[in-house]
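Reviewing the structure listed below.
The values are calculated or read from the model by the stated rules, or taken from the named source; none is laboratory data. Predicted model, so just to flag it, every value in this text is computed and none were measured. No Cβ is skipped: glycine too gets one built from the backbone with ideal geometry, and neighbour counts run over all protein chains shown.
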């Protein structure tokens, strides 16, 4: 039987052991000219062509009498049915083994999918309502699996249950990810909006602690936008892994991944650096509910998921979100000023290091995200920047500039709210070069010169000068080693620095993952992939290479033996100190009353 719904899907984690979903797509009224079906090439929020259709293992079509219907493949992502095709059922399998927030995953412990990875679009009918039946695995011990999603449920489908779900159109269908597992959950209310939080995977998290901390972040974010929330309910879904990390925003939910160590543990008070990392991720994705899922670049209205869509504005929409991910935590008293400044120092350290900052602007990074930021290679620190961190750096500097030039009467907060009001009123995206115009319209401050230098150019904002009126000292220090994230005030002596990122092999050997421009390793002719074996005859490993080098006197050379392409070579490595590029922010010891008042208006502390 063909469903009476115009477009109906069903999806089954049919073979968890083989990572195979089976999907059925029933089309009641195919296009008489020959219905075209297409799988998206990318997913909003992750700007890289991923060609999800490559995971379609096999596909075929049948009519209402279960007779085969010709299905012709047109290109890498689309197929076509014959002309004057009757109601039809298209059945296909999708291989799902991408442990990330961007695609689909299926094994014997958990199932997860974004609609962009599994649901073919019926071209010309994307505006039609969709139904989707989510089924349990047909075999095996899966009776404890539950369904977590913000797709609308049918009346006879209980919450967490397998059954029928609805979406008003195809765009909605692919913007409500689905988590299927034996997950833990908690529910809380924020200003009358139901919020749910689920954790999948082995963990020992303090769920009661999460039930206190996460709502505080949500309440602060909603208060920022005057308690105007664009979703009727919201779902946080987190997959827990050993070293997992990631987040992707959706219209009424977010898919997250975190490491077990980042979850709060029972009996441990305070907020550790790891837990802060998770909380800022939560805050980041929740802020996207307004910034990106609603207000967005004009180039994304509407999304074209078949090709790259270029914009120079990701520095606004991701950079501002990075900036605002930490503010609710400090403004709401969840973390101290000291913790916030350390977190902000780490963020700025990522923006300040690497010679790529002298070659690529945040705007160019936004435009080239499809081929550079999301396809980074070993030379990335020497060639590109992140529109996330360099964008956050520019947004911070613009906020401080506005505050000072308006005598702390206005800030970027009013600009972001105005952007939200503009979106609600018109539904139109932000035009290229539209952000500086909006700033001037809202605040009266002309920032075109600053934007030209910091966003469309490669200049560093004068942060020491901009932070001084708030009683915050900005300093740069040398890194202790390649893993040093900055933020913390450390006394690092002037000592030899390798100038390379070291990764351990399975045997613990020191492999160079990146070799940084103008650093000692590059001057010595070392390359990414080289295994460093010894320094001046002393055998070294990944765990001690940098510390052994640090004991050598500056200005001298050391003999290095390294392995490349199966042969051992020797070179001379100069003992040179690192550039001071790790940011440390501290409250000024002798801050004036005026400085403290300015800081309070900014950070509420």
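Side notes on the structure shown:
- Residues of region 34-55 that are outside any loop (DSSP other than H, G, I, E, B) and within 28 Å of the chain's Cα centre (by Cα): 38, 43, 46, 52, 53, 54, 55.
- Test: residue in region 513-520 that is farther than 15 Å from residue 581 by Cβ, touching a strand residue (DSSP E or B) at 6+ places or on another chain (Cβ under 8 Å), touching a residue at least 24 places away in the same chain (Cβ under 8 Å) and in a loop (DSSP other than H, G, I, E, B): no
- Listed by position, the strands (runs of 3 or more DSSP E) contained in region 538-605 that have at least 3 residues being touching a helix residue (DSSP H, G or I) at 6+ places or on another chain (Cβ under 7 Å) and surrounded by 17 or more Cβ atoms within 10 Å (Cβ to Cβ) are 582-587.
- Residue 275 being buried (at least 17 other Cβ atoms within 10 Å of the Cβ), modelled with pLDDT of 95 or more and closer than 26 Å to residue 119 by Cβ: no
- Residue identified as crowded, with 21+ Cβ neighbours inside 10 Å and either over 25 Å from residue 107 (Cβ atoms) or in the same structural domain as residue 231 (by TED's automatic domain parsing) (or both) among 126, 172, 154, 167: 167
For every residue, the table says whether it meets (1) farther than 27 Å from residue 108 by Cα; (2) free of Cβ contacts under 8 Å to residues at least 40 places away in the same chain; (3) in a helix (DSSP H, G or I).
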| residue | (1), (2), (3) |
| --- | --- |
| 12 | no, no, no |
| 22 | no, no, no |
| 25 | no, no, no |
| 32 | yes, no, no |
| 57 | no, yes, no |
| 75 | yes, yes, no |
| 85 | yes, no, no |
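- Restricting region 211-237 to residues that are in a loop (DSSP other than H, G, I, E, B) and without any contact (Cβ under 8 Å) to a residue 60 or more places away in the chain leaves a set whose member that is farthest from residue 101 (Cα to Cα) is 227.
Conditions tested, residue by residue: (1) within 30 Å of residue 310 (Cβ to Cβ); (2) in a loop (DSSP other than H, G, I, E, B).
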position: 194; (1), (2): no, no
position: 209; (1), (2): no, no
position: 239; (1), (2): no, no
position: 271; (1), (2): no, yes
position: 277; (1), (2): no, no
position: 289; (1), (2): yes, yes
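- Residue match in region 247-266 (condition: surrounded by fewer than 19 Cβ atoms within 10 Å (Cβ to Cβ), more than 25 Å from residue 180 (Cβ to Cβ) and touching a residue at least 24 places away in the same chain (Cβ under 8 Å)): yes
- Helices (runs of 4 or more DSSP H) completely within region 310-415 that count 1 or more residues being crowded, with 23+ Cβ neighbours inside 10 Å and either touching a residue at least 12 places away in the same chain (Cβ under 8 Å) or not assigned by TED's automatic domain parsing to the domain that holds residue 429 (or both): 314-317, 319-331, 337-352, 362-367, 389-405
- Among the residues of this structure, residue 276 counts as one that is touching a residue at least 24 places away in the same chain (Cβ under 8 Å) and in contact with a helix residue (DSSP H, G or I) (Cβ under 8 Å, 6 or more places away or on another chain).
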